[in-house]
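The values are calculated or read from the model by the stated rules, or taken from the named source; none is laboratory data. Since the structure is predicted, the reported quantities are computational estimates derived from the model, not experimental observations. Virtual Cβ from ideal backbone geometry, glycine too; neighbours counted across all protein chains shown. Surface accessibility is based on the protein's heavy atoms, side chains included, excluding ligands, DNA and RNA. Shrake-Rupley method; radii C 1.70, N 1.55, O 1.52, S 1.80 Å.
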Amino acid sequence: MSKTLGVSRPDQASYMLRAASEDAGRAYKQRLLDLLDLRAGHTVLDVGCGPGTDLPALAERVGVSGRVIGVDQDPAMLATARRRTAAMSTVDIREADAHALPVEPRTVDRAKIDRVLMHVRSPADVLAQLHTATRPGALIGLVEPDWDTLAVDAQDLETSRAFTRYTTEKVVRHATVGRRLAHLAVKAGFRVETAIATTPVFTDFEHGDHTLGLGRNMQQAIAEGHIDRTRGEAWFAGLAHGPFYASFTLVTVVCSRP
Ligand SMILES: C[S@@+](CC[C@H](N)C(=O)[O-])C[C@H]1O[C@@H](n2cnc3c(N)ncnc32)[C@H](O)[C@@H]1O
């Protein structure tokens, strides 16, 4: 099979739901929910809830006396989130920017923000918002990748390295925020309770390509003159042959609000 570089962007809502349902996605999300120690009656805030990936699980854990607030700035994501939670009366979905959280100060018992800080204008300002929104004693779960750790196996190791560098420098806004989470959390006034690193591994080429943007971002890197066309195209075509391996580190930090 020969693979050529593609431009199509995946449907983001479906992609996120699919990613969350795969082994690596399920495992870290489950662990995060366990670490958050959600109890019946809690008010829980999901910042950047996307298509509502975790809202049903949060609603189940806080029960009928609890409340789940999902916030996202993307109306298309929220339309999917609303559809998926239509039958859940405790779920409240709000369209807003994470830099201006639409919640009363000190009303949130638990909060999570999963793969969102890497995209926002100011991760520090979003954490300051979370500090205002949460009650003393609240637990907050933060999960972000560290794209510097993106390892793609290829015959041409230098091009894999160049691809990782392009991803961190040109594709993702705060590509290494994962390793900075504990620092940012303390600066925002939280206490770090747990810090864990997990490593999602991709052994299926199509899945890796879709999730990591291999073809999409390589094509962009070539077009912008960061990677030589012949090498970039050969690198991508080679990935589809034989065993595929790619991985990166995902950092989870759970902190408390004193
Ligand atoms: C990678 S998705 C993660 C979605 C969800 N947390 C999950 O685990 O499936 C990132 C989400 O963050 C949202 N987002 C990015 N910047 C935002 C901002 N400044 N305010 C609110 N939402 C934001 C995007 O719209 C998108 O839905």
Do you know which residues across region 201-231 are part of a helix (DSSP H, G or I), within 19 Å of D148 (Cα to Cα) and not aliphatic (A, V, I, L, M)?
G208, D209, H210, T211, G215, R216, N217, Q220
For region 8-59, give me each residue that is modelled with pLDDT of 95 or more, more than 13 Å from the ligand (Cβ to nearest atom) and over 23 Å from I196 (Cβ atoms).
A40, G41, T43, A59
Of these, G63, G52, G48, which one is over 25 Å from R18 (Cα atoms), open to solvent by less than 50 Å² (accessible area, probe 1.4 Å) and among the small types (G, A, S)?
G63
Restricting to region 78-97, and then to whatever is out of contact with any strand residue (DSSP E or B) (no Cβ under 7 Å at 6 or more places or on another chain), within 15 Å of the ligand (Cβ to nearest atom) and open to solvent by less than 70 Å² (accessible area, probe 1.4 Å), can you tell me which residue is nearest to L17 (Cα to Cα)?
T80
Would a scan of region 166-175 turn up a residue that is open to solvent by 40 Å² or more (accessible area, probe 1.4 Å) and under 14 Å from A246 (Cβ atoms)?
no
Please indicate, with yes or no, whether at least one residue in region 115-129 is in contact with a His (Cβ under 6 Å, 6 or more places away or on another chain), open to solvent by 30 Å² or more (accessible area, probe 1.4 Å) and within 15 Å of the ligand (Cβ to nearest atom).
yes
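Condition check ((1) more than 15 Å from the ligand (Cβ to nearest atom); (2) open to solvent by 20 Å² or more (accessible area, probe 1.4 Å); (3) not aromatic (F, W, Y)) across all residues:
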residue: V71; (1), (2), (3): no, no, yes
residue: A76; (1), (2), (3): no, yes, yes
residue: H99; (1), (2), (3): no, yes, yes
residue: E104; (1), (2), (3): yes, yes, yes
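Can you find a residue in region 133-156 that is of a type in the set (S, T, Y) and out of contact with any strand residue (DSSP E or B) (no Cβ under 8 Å at 6 or more places or on another chain)? Outline the logic, then answer.
Applying the first criterion (of a type in the set (S, T, Y)) to region 133-156 yields 134, 149.
This time we only want the ones that are out of contact with any strand residue (DSSP E or B) (no Cβ under 8 Å at 6 or more places or on another chain), so: none.
There is no residue in region 133-156 that is of a type in the set (S, T, Y) and out of contact with any strand residue (DSSP E or B) (no Cβ under 8 Å at 6 or more places or on another chain).
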